[in-house]
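Right, one structure below, let's go through it.
Bear in mind that the values in this text are calculations on the coordinates, not laboratory data. For clarity, every value in this text was computed on a predicted model and none was experimentally measured. No Cβ is skipped: glycine too gets one built from the backbone with ideal geometry, and neighbour counts run over all protein chains shown.
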Amino acid sequence: MKRNLLKAAITTIALSGTLLFSNGVAKQPIHVSAAVVNAPISVYEVTVSVLNIRSTPNTSSKVVDTLRKKDQIEIVKFYNANWAQIKTTTTKNGIAYVSTKYLQKLPTTLTTKSNLNLRSGASTKYKVLTVIPKGAKVSFLGYQTAGRTQIDYNWAIVSYNGKKGFANTKYLNMK
């Protein structure tokens with residue numbers, strides 16, 4: 001059971017903190033290829049259908065890859081108010097840039113709408129680790145994955161009082 005939770009948590013954290021590439025040619029993402037995120041994290045979500053990943057922080061620079069709407073990334077640092085640096089494997093130096101205009105920061109601290117079961121997996125079939133009380137604050141670590149490249153927005157990985165597990169997003173204030 002612990003192994004399944006750990007495997008799911010690592011997969012989700014890796015997905016939420018890395019880039020899903022479509023390389024501008026293939027319609028399906030190829031693989032996850034950026035570094036795994038260490039919690040606590042600040043996750044940003046792409047708000048446009050296609051976001052270009054560029055070699056330098058300007059619109060005239062080479063497009064090295066693309067992100068899709070709802071893809072989640074971690075910003076390494078902000079270059080300026082309009083550009084953010086990210087880690088990638090598509091450039092020789094491992095660095096690329098995206099426009100901040102098309103990113104939205106996901107909340108990292110959420111509150112519960114009602115008493116909420118923290119589970120060992122992303123389903124009501126998994127063991128309840130603890131019950132989080134209504135109004136409690138939890139740390140958002142990412143979304144559960146559904147397959148290799150899809151994100152399941154119904155389940156979030158959260159941390160509460162030192163325990164990490166899965167919580168149904170219906171019972172979390174996600175805004």
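From the list LEU110, LEU118, the lone residue that is under 18 Å from the mean Cα position of the chain (by Cα) and of a type outside the set (Lys, Arg) is LEU110. Residue check: GLN104 meets all listed conditions (1) under 30 Å from LYS62 (Cβ atoms); (2) surrounded by 14 or more Cβ atoms within 10 Å (Cβ to Cβ) but one, namely (2).
Is it the case that TYR97 is under 24 Å from MET174 (Cα atoms), buried (at least 17 other Cβ atoms within 10 Å of the Cβ) and in contact (Cβ under 8 Å) with a residue 12 or more places away in the chain? Here the answer is no, as TYR97 does not meet what is asked.
Taking each residue of the stretch 60-85 that is more than 16 Å from LYS105 (Cα to Cα) and looking for partners that are part of a loop (DSSP other than H, G, I, E, B) and among the aromatic types (Phe, Trp, Tyr) with beta-carbon atoms closer than 8 Å, six or more apart or interchain, yields ASP65/PHE21; THR66/PHE21.
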